[in-house]
Structures are given as C-alpha cells and as structure tokens.
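Asker: The structure that follows is given in the form of structure tokens.
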Amino acid sequence: MTITTMEYGGIDGYRPLLLDLHLPEPAEVPPPIVVFVHGGGWRRGSRQMFCPTWRDWQPGPFARLVAEGFAVASVDYRLSGEALFPAQLDDVTAAVAWLRAHAGELGVDAGRIVAWGESAGGHLAALLGLTVPGLAGVVDWYGPSDLRSHRGERELQLIGSPVRAAQASPVTHVHPGAPPFHLAHGTADQLVPVSQSEQLAAALRASAVPVDLNLISGAGHLWAGAPDPEAIFAAAVRFAHAVTDA
C-alpha cells in the first residue's frame, strides 16, 4: 500500500484542501474508490482518523479497505469554524470532481466511487450521494439526516441560521434514482438519535432507493460499546463490494 497526500483544491483565504490517497498495489483493473469523510461535529476531526474508537486497530481500517481492493481517498473539508454550510458539501463535491478528472494518472476507477463517512462525515457522505450524480453507493454511519428536527450547538454552528436547516438535511434531497445506501447506527447513541437514520431509511424506501439499515443494539456514538465492531465494518465492506462490482 502507498499513501500520498495531495492538494485537491483551495479557496482564497482558506487553508489548502488535502486528501490522503491510499492505493493498493498496481493491477490490470483500476480499483474502485472509497471517498472517506471524517467526523468531528463539523468543527474538528482529521482525514487521518477513520473512527476514533478504532484508533488502535492493527491493521487500521484504511489498510483493511486497501487489502480488500479499494483505493481510499480520505478528504479534508472546511470546518464550521472556518465557513458555514454549504462550504463543507462544496469541498467534498470538489474532491470527487478532482478524483474524476485525475483518475487516469492516479490509476483509479472514478466510475466506481463509494462515499463513506461517520457522524458529521456520514451526513456529508449522504448529501454527496444525493447531490452528485453517478456515485455507486453511500455508507453513512450514524450521521444526522434531518437538521430541522435535530439541531443542537454543533448543527447551528454549521448552518449559522435555522433557515439553512432544510438545505443541509439529507432527507430533503432524497430522490428516485439515488445510489444505494448502507446506514448503520447504534441504538444507544446519545449524540445523534437512531431515529435520524430510521428517518433517512424511510425516505429512501419511499423513493424506491435500495437501502440497508443496520441497527446495532446497545452501541453508542462512534461505536462505543458495540458488541462486534468487526461485523459492523465487514457489513459496510460487503456493501461497498456489492455496489462497485455490479
């Protein structure tokens, strides 16, 4: 596996936007891409962290995805202290456009992209799948889906005003023809209620969008207390294979 840090974009007055590209060994068929979006309440976090609760995994989740045959692009985005929504969605959208434009030289298949995020990153991954055409699928772990009903301090810092709540809510962007979704959420999550994923799953089903909803009994936010973390990860990997191998 090779890891290369690249600048995919930047806006005057802000820091450069970087991504870490984790690549498997070269193969005859370019690998599909997981675009990973980190969590942190939109106001902190790092593209280098897959899930804080799993920080001691060896090998780590990025390496495991590469071993499964995926390239992984773990991306920066402007945090809520730097810019209000929709800057964050604009940034991850620009990352996908950059990967598509440079796929040939990078040796990846930009026609097979899975957006994958956790918490705030799950929210952005869901929005990415619902607003950017042509993604293969979305993995959304315990991301907020309706900021009209779930709006605390972090959400208000992201949107600045309740007026933007609908615009920033994945449930308001659901439409027929959206890519398949894999949603996973702990039933004991005290930060983002499990009802947020249930609501998004219902909206997707109402629009005939394929969706898996995995409710993990007793698990809290960041998979704290999850009885079988390996199974949670494996289910998402199986989904990513299914939508990129189709």
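The values are calculated or read from the model by the stated rules, or taken from the named source; none is laboratory data. Because the structure is predicted, anything quoted here is derived from the model rather than measured. A quick note on method: Cβ atoms are made from the backbone with ideal geometry, for glycine too, and the neighbour counts reach across all protein chains shown. Please note that ligands, DNA and RNA were not included when accessible areas were found on the heavy atoms of the full protein model with its side chains. Shrake-Rupley method; radii C 1.70, N 1.55, O 1.52, S 1.80 Å.
Asker: List the residue pairs whose Cβ atoms are under 9 Å apart, where the first residue sits in segment 216-232 and is of a type in the set (D, E, K, R), the second is buried (at least 20 other Cβ atoms within 10 Å of the Cβ), and the two are 6 or more positions apart or on different chains.
Answerer: 228/216
Asker: Can I ask one more? If a residue must be open to solvent by 10 Å² or more (accessible area, probe 1.4 Å), assigned to a helix (DSSP H, G or I) and closer than 30 Å to residue 28 by Cα, how many such residues does segment 104-156 contain?
Answerer: 3
Asker: Examine segment 86-95 for a residue that is part of a strand (DSSP E or B), open to solvent by 50 Å² or more (accessible area, probe 1.4 Å) and within 30 Å of residue 164 (Cβ to Cβ), and state whether such a residue exists. Write out each step before concluding.
Answerer: Of segment 86-95, the ones part of a strand (DSSP E or B) are none.
No: segment 86-95 contains no residue that is part of a strand (DSSP E or B), open to solvent by 50 Å² or more (accessible area, probe 1.4 Å) and within 30 Å of residue 164 (Cβ to Cβ).
Asker: Related question: Run residue 62 past the list (1) part of a loop (DSSP other than H, G, I, E, B); (2) of a type in the set (A, V, I, L, M, F, W, C); (3) touching a residue at least 12 places away in the same chain (Cβ under 8 Å); (4) open to solvent by 10 Å² or more (accessible area, probe 1.4 Å) and report the number of the one that doesn't hold.
Answerer: (1)
Asker: Scan segment 160-202 for residues that are open to solvent by less than 60 Å² (accessible area, probe 1.4 Å) and of a type in the set (D, E, K, R) and jot them down.
Answerer: 189
Asker: Looking at this structure, is residue 55 open to solvent by 50 Å² or more (accessible area, probe 1.4 Å), of a type outside the set (A, V, I, L, M, F, W, C) and modelled with pLDDT under 95? Walk me through it before giving the result.
Answerer: Working: open to solvent by 50 Å² or more (accessible area, probe 1.4 Å): yes; of a type outside the set (A, V, I, L, M, F, W, C): yes; modelled with pLDDT under 95: yes.
When the stated conditions are applied, residue 55 passes them.
Asker: If we scan segment 11-18, do we find a residue that is modelled with pLDDT of 95 or more, part of a loop (DSSP other than H, G, I, E, B), farther than 16 Å from residue 103 by Cβ and open to solvent by less than 10 Å² (accessible area, probe 1.4 Å)? Before the answer, list the steps.
Answerer: To start, the set of residues in segment 11-18 that are modelled with pLDDT of 95 or more comprises 17-18.
Those left that are additionally part of a loop (DSSP other than H, G, I, E, B): none.
There is no residue in segment 11-18 that is modelled with pLDDT of 95 or more, part of a loop (DSSP other than H, G, I, E, B), farther than 16 Å from residue 103 by Cβ and open to solvent by less than 10 Å² (accessible area, probe 1.4 Å).
Asker: Taking the condition of being in a helix (DSSP H, G or I), open to solvent by 20 Å² or more (accessible area, probe 1.4 Å), modelled with pLDDT of 95 or more and out of contact with any strand residue (DSSP E or B) (no Cβ under 6 Å at 6 or more places or on another chain), how many residues in segment 223-246 meet it?
Answerer: Taking segment 223-246 first, the residues in a helix (DSSP H, G or I) are 223, 229-245.
This time we only want the ones that are open to solvent by 20 Å² or more (accessible area, probe 1.4 Å), so: 229-231, 234, 238, 241-243, 245.
Still in the running and modelled with pLDDT of 95 or more: 229-231, 234, 238, 241-243.
Cutting the leftovers down to out of contact with any strand residue (DSSP E or B) (no Cβ under 6 Å at 6 or more places or on another chain) gives us 229-231, 234, 238, 241-242.
Residues meeting the conditions: 7.
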